[in-house]
Number of protein chains: 2
Amino acid sequence: MRLKTKLLGIETGGPLIVVLNPKIAAELDLSPADRVRVMAENKYCVAIANISKHIKEEEIGVYEEVQRQLNLDAEQPITIIPEERPSSITQIKKKLDGLELSKDEIFELVTDIVDNRLTHAEISALVSAIYTKGLSLDEIEHLTKAMAETGQMLELGVKPILDIHSIGGVPGNRITLIVVPIIAAAGLYIPKTSSRAITDPSGTADTMEVLAPVTFNITELKEIVLEHKGCIVWGGALDIAPADDKIIEIEHPLQLDPTGMLLSSILAKKYATGVTNIALEIPFGPGTKCTKIRAAELEKKFKAMGGRLGISIQCVKIDGSQPVGNGIGPTLECIDALQVLENLPNCPIDLKNRSLFFAGLLLEEAKKAPKGKGLALAKEILSSGKALSKFKEIIGAQGGNPDVSSSSLQPGKYDETICAEKNGIVQAIDNDIIKKLGRILGAPYNKGAGIYLKAKVGTKVKEGDPLFTIYAESGRKLSDGLVFVEANNPFKIKEKA
Amino acid sequence: MRLKTKLLGIETGGPLIVVLNPKIAAELDLSPADRVRVMAENKYCVAIANISKHIKEEEIGVYEEVQRQLNLDAEQPITIIPEERPSSITQIKKKLDGLELSKDEIFELVTDIVDNRLTHAEISALVSAIYTKGLSLDEIEHLTKAMAETGQMLELGVKPILDIHSIGGVPGNRITLIVVPIIAAAGLYIPKTSSRAITDPSGTADTMEVLAPVTFNITELKEIVLEHKGCIVWGGALDIAPADDKIIEIEHPLQLDPTGMLLSSILAKKYATGVTNIALEIPFGPGTKCTKIRAAELEKKFKAMGGRLGISIQCVKIDGSQPVGNGIGPTLECIDALQVLENLPNCPIDLKNRSLFFAGLLLEEAKKAPKGKGLALAKEILSSGKALSKFKEIIGAQGGNPDVSSSSLQPGKYDETICAEKNGIVQAIDNDIIKKLGRILGAPYNKGAGIYLKAKVGTKVKEGDPLFTIYAESGRKLSDGLVFVEANNPFKIKEKA
């Protein structure tokens, strides 16, 4: 059937969708979510056919994704014919039935996701199937490789390639900004790709962006890493494991995070960047993604998957029940990390020790230090100022200003300090409240917004002592934060008996 | 935040969706699938916020569903504020975790579906959860009542109210067109609402539409039934159990048909129309929706649910492995039904007997005939011509031409007869092939398209004897059908030894 392009001028947010008049859809015997092959000059794609009475019989409504793929102009003639549904829908049903998918079936599924051939409803059914029925180790391996191989692969041609990764969930935990320069300063390769926050006050990429651009393509990334050994960039622009972003977009709003997907999501990116050794932090406890039991289960699965993928994975299960460092929010986290790298005496000691521990682990993994000597070497690189120089070199290489220091950074100019209302000991700092508060204050979009902790768990406080300061870039957001804190104080103080 | 309406002039197909510029979304801290409250003058709704760079910062893109709900004009100022996600998303997660949902939680879920507050991805996760984790009888009861009570309820103020229903799947099975007039002619109420076909060659509503309009609102329906006792109308326009259509639209493309949903889907409509007694046909066997085992399981569950809903349900499990009647496709099925009602000697005897059986059952259920005497009464009503008069009366009441007869109806004018290629006995007629062939020929959209069987299972045939005729409304569709038949002959002939 021959129709005339009507550009809708809007994205679907993924799936390739065209819109037909109900009469045309009936004529072609199309049911909801049926597909059509859309042909324009010498290009074609398979799109999902929606139906709308606002489209005339001689027209075909075209969303941005299809327009871009076929390079369509308004009124351009298009030919469409009905097309079978992708067979990956059968795979989704199979997984819902609890059956194991083969390597080929998983590759087909992932390819269809990457090529936008599945609807959001279909991807959601897949995520639900994986959530309820789980994935075998074989399936996780195939899924990981499929997600990596359907995107860009980084080939540095060097070994070893190190990586530091945290399962996440603990606010303020920016060890990456310290570990990467220590490792790179030791002459080892660490091409770190990070994510942006979805619901946290900041992701590593959001925080690094305060200091330098983080958006690069794979060629630029390769140049930076080969010359400077390390980088801290945003993974999202690299087209590495692109299926992952599309799946996260569906699973996140549903608050689903099935274990098999978590492993594949993390490891696909490592596999695609040629990583040989990972130091993997698994925080557990209240306000993290893990209970102690799930942390142990994850360690076992990561170890197993590492063996299958040829990646050595050192898992470190660690109490994550309070924030790491003092700052939460992009700028405040940069101040923390720079204070550590600058060897300032008042730097956040928990962040420093945790970073040194992981750096030491990686130095031993890479055989740069003998067993048991990694921590000392890491300390030496940090205290000598080599890590700071390397960090500034990386900032410069990514196009930022290398003449930055912890004292030159300014958090949001609207602030308010919350003080203890009684004498006692800080018994807990609620991660979930801290994260929500950070978002309300405007982080990560407002780089200067966030929370600065003046006390940690175990600190003795007297009535009137400052507990934390909140920062915002507008009076309105500061006031929103204050209202929230009034009802949700993240600090739990225990009065002494 | 204050924005200017940009009408997108297209439907989403359900969910209330607005589109914001990425900067505005970041400013409001909106993640994918987050909600906003959209306020215009004295109306408001909660919509899902999509993000698109094609929308200017001062604009808000508005899909048809939101436009209609708020009665918006182009450029009209709108205020938006972020809104919490509906808590029914937590319910979906709970069901995915295999937990039982309470009555209140199920009502909330169904209300959100009806009000278009959930995305397709969210409804898909719900369907997947029900498919993998099942529903308890309590949950099915709550779901059924919630689906009924969130839509229109028919209150006739009479008793009993009868209903004939088939789980479906068997092509040509139009007993409804015969049972309804017999029952109504007996002076009993039978307000039959039917569906249109999604992938079958015809649904009861599609077939009845050959003879009379089937689209009515609930007030019109009530008038027709109170005056004429019976009707055969399309359920889709009545706003009865509207959640069901929205769920079917998601589950159908995924080929999911979880038992709990099947029960609720059928019974919600009966409950909403005040039905007191149902004769329920459960066909089983190849090419139906059921194995014999599932049929038995369904019978048990329907019985149990009937008790909970105060509806007496007589289940009849019946072999459905070949088509019922001779015609498949809207017009051809009408010819079959009229032949039976006209008491023609060459009418399809299987359709006649099956209809009489179910009519007899309902007559006994309604105590119009004593136990064991229902069939005889049904036969009497049919052979006396009262059923035919009642059917014509109903056709007239629905706005059709009552002067119709089986011989006045014309199937598609392009036809071709397929003959036996050898002597033997018809061993099987494949329902799935017949259904697919019917669609290829253009049914149900082309009312005259379809298949007319000249032999049934057990018929002795000689080489060259006609097996079936295919009808289409265009030469192109006839030829498509012939190509399909060439590769997929629905008839299996066994040569005699």
Got a number for residues in the range A:12-46 being at positive phi and buried (at least 21 other Cβ atoms within 10 Å of the Cβ)?
-> 1
Taking the options B:K447, B:K454, name whichever one is in contact with a Pro (Cβ under 9 Å, 6 or more places away or on another chain), outside the structural domain of B:K229 (by TED's automatic domain parsing), under 23 Å from B:P283 (Cβ atoms) and surrounded by 14 or more Cβ atoms within 10 Å (Cβ to Cβ).
-> B:K454
Could you grab the pairs with beta carbons closer than 9 Å, sequence gap of 6+ or different chains, first residue in the range B:169-182 and modelled with pLDDT under 95, second one basic (K, R)?
-> B:G169/B:K289; B:G169/B:K435; B:P171/B:K435; B:N173/B:R354
Only one of these conditions is not met by A:T12: (1) under 30 Å from A:A146 (Cα atoms); (2) at the interface with chain B (Cβ under 10 Å from one of its Cβ atoms); (3) outside any loop (DSSP other than H, G, I, E, B). Which number is it?
-> (3)
Counting only residues that are within 16 Å of A:V483 (Cβ to Cβ) and hydrophobic (A, V, I, L, M, F, W, C), how many does the range A:416-433 have?
-> 2
Pick from the range B:404-414, criterion surrounded by 15 or more Cβ atoms within 10 Å (Cβ to Cβ) and not aromatic (F, W, Y), ranking: farthest from B:F491 (Cα to Cα) | B:V404
Scanning for something outside the structural domain of A:D319 (by TED's automatic domain parsing), under 30 Å from A:L7 (Cα atoms), of a type in the set (S, T, N, Q) and not in a loop (DSSP other than H, G, I, E, B), does the range A:114-121 turn up at least one residue?
-> no
Kindly state which strands (runs of 3 or more DSSP E) lie completely within the range A:412-497 and contain at least 2 residues that are under 14 Å from A:G327 (Cα atoms).
-> A:414-419, A:450-453, A:466-472
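Does A:T5 count as modelled with pLDDT of 95 or more, closer than 30 Å to B:E59 by Cα and away from chain B (no Cβ under 11 Å)?
Here the answer is yes, as A:T5 does meet what is asked.
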What about A:A47, is it of a type outside the set (K, R) and farther than 30 Å from A:H142 by Cβ?
-> no
For the subset of the range A:102-134 comprising residues that are more than 14 Å from chain B (Cβ to nearest Cβ) and crowded, with 24+ Cβ neighbours inside 10 Å, which member is nearest to A:S265 (Cα to Cα)?
-> A:V110
With respect to B:S202, determine if the residue is touching a residue at least 12 places away in the same chain (Cβ under 8 Å), within 14 Å of chain A (Cβ to nearest Cβ), of a type in the set (S, T, Y) and in contact with a Phe, Trp or Tyr (Cβ under 9 Å, 6 or more places away or on another chain).
-> no
Of the residues in the range B:68-92 that are surrounded by fewer than 20 Cβ atoms within 10 Å (Cβ to Cβ) and in a helix (DSSP H, G or I), the one that is farthest from the other protein chains (Cβ to nearest Cβ) is B:Q69
Picked from the range A:15-24 (must be touching an Asp or Glu at 6+ places or on another chain (Cβ under 8 Å) and part of a helix (DSSP H, G or I)), the residue farthest from the other protein chains (Cβ to nearest Cβ) is A:I24
Residue in the range B:122-133 that is in contact (Cβ under 8 Å) with a residue 40 or more places away in the chain, farther than 23 Å from B:Q255 by Cβ and either out of contact with any strand residue (DSSP E or B) (no Cβ under 7 Å at 6 or more places or on another chain) or assigned to a loop (DSSP other than H, G, I, E, B) (or both) present | no
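Across the range B:283-339, what is the total count of residues that are farther than 30 Å from B:P411 by Cα, in contact with a Gly (Cβ under 7 Å, 6 or more places away or on another chain) and among the aliphatic types (A, V, I, L, M)?
So the first thing to find is which residues in the range B:283-339 are farther than 30 Å from B:P411 by Cα, and the list is B:290-317.
Right, trim to in contact with a Gly (Cβ under 7 Å, 6 or more places away or on another chain) and you get B:312-313.
Subset that is among the aliphatic types (A, V, I, L, M): B:313.
So the answer is 1.
Assess whether B:K270 counts as being surrounded by fewer than 19 Cβ atoms within 10 Å (Cβ to Cβ) and touching a residue at least 60 places away in the same chain (Cβ under 8 Å).
So B:K270 fails the test.
Check whether at least one residue in the range A:417-433 is under 21 Å from A:I178 (Cα atoms), crowded, with 17+ Cβ neighbours inside 10 Å and among the β-branched types (V, I, T), and report yes or no.
Checking the range A:417-433: not a single residue is under 21 Å from A:I178 (Cα atoms), crowded, with 17+ Cβ neighbours inside 10 Å and among the β-branched types (V, I, T).
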Check the range A:436-444 and report whether any residue there is buried (at least 19 other Cβ atoms within 10 Å of the Cβ) and in the same structural domain as A:P323 (by TED's automatic domain parsing).
-> no
With respect to B:K392, determine if the residue is without any contact (Cβ under 8 Å) to a residue 60 or more places away in the chain and under 25 Å from the mean Cα position of the chain (by Cα).
-> yes
Of all residues in the range A:412-426 being among the acidic types (D, E) and in contact with a strand residue (DSSP E or B) (Cβ under 6 Å, 6 or more places away or on another chain), which is farthest from A:E473 (Cα to Cα)?
-> A:E416
Does B:L226 meet the test of being surrounded by fewer than 20 Cβ atoms within 10 Å (Cβ to Cβ), closer than 27 Å to B:K386 by Cα, in contact (Cβ under 8 Å) with a residue 40 or more places away in the chain and more than 12 Å from the chain's Cα centre (by Cα)?
-> yes
Go through the range A:183-196 and count every residue that is crowded, with 23+ Cβ neighbours inside 10 Å and not in a strand (DSSP E or B).
-> 4
Sort out which residues of the range B:47-67 are away from chain A (no Cβ under 12 Å) and surrounded by fewer than 18 Cβ atoms within 10 Å (Cβ to Cβ), and write them in order of number.
-> B:E57, B:E58
Considering residues that are out of contact with any helix residue (DSSP H, G or I) (no Cβ under 7 Å at 6 or more places or on another chain) and crowded, with 22+ Cβ neighbours inside 10 Å, the number found within the range A:326-352 is 2
Looking only at the range B:230-247, count how many residues are more than 15 Å from B:A148 (Cβ to Cβ) and touching a residue at least 60 places away in the same chain (Cβ under 8 Å).
-> 4
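Return yes when B:K300 is more than 14 Å from every other protein chain (Cβ to nearest Cβ), in a helix (DSSP H, G or I) and either among the hydrophobic types (A, V, I, L, M, F, W, C) or crowded, with 23+ Cβ neighbours inside 10 Å (or both) and no when it is not.
The answer is no for B:K300.
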Helices (runs of 4 or more DSSP H) wholly inside the range B:214-277 that include at least 1 residues being away from chain A (no Cβ under 14 Å) and among the aromatic types (F, W, Y) = B:259-272
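The values are calculated or read from the model by the stated rules, or taken from the named source; none is laboratory data. Given the structure is predicted, the values throughout are model-derived calculations rather than measurements. Glycine also receives a Cβ, built like all others from the backbone with ideal geometry; neighbour counts cover every protein chain displayed.
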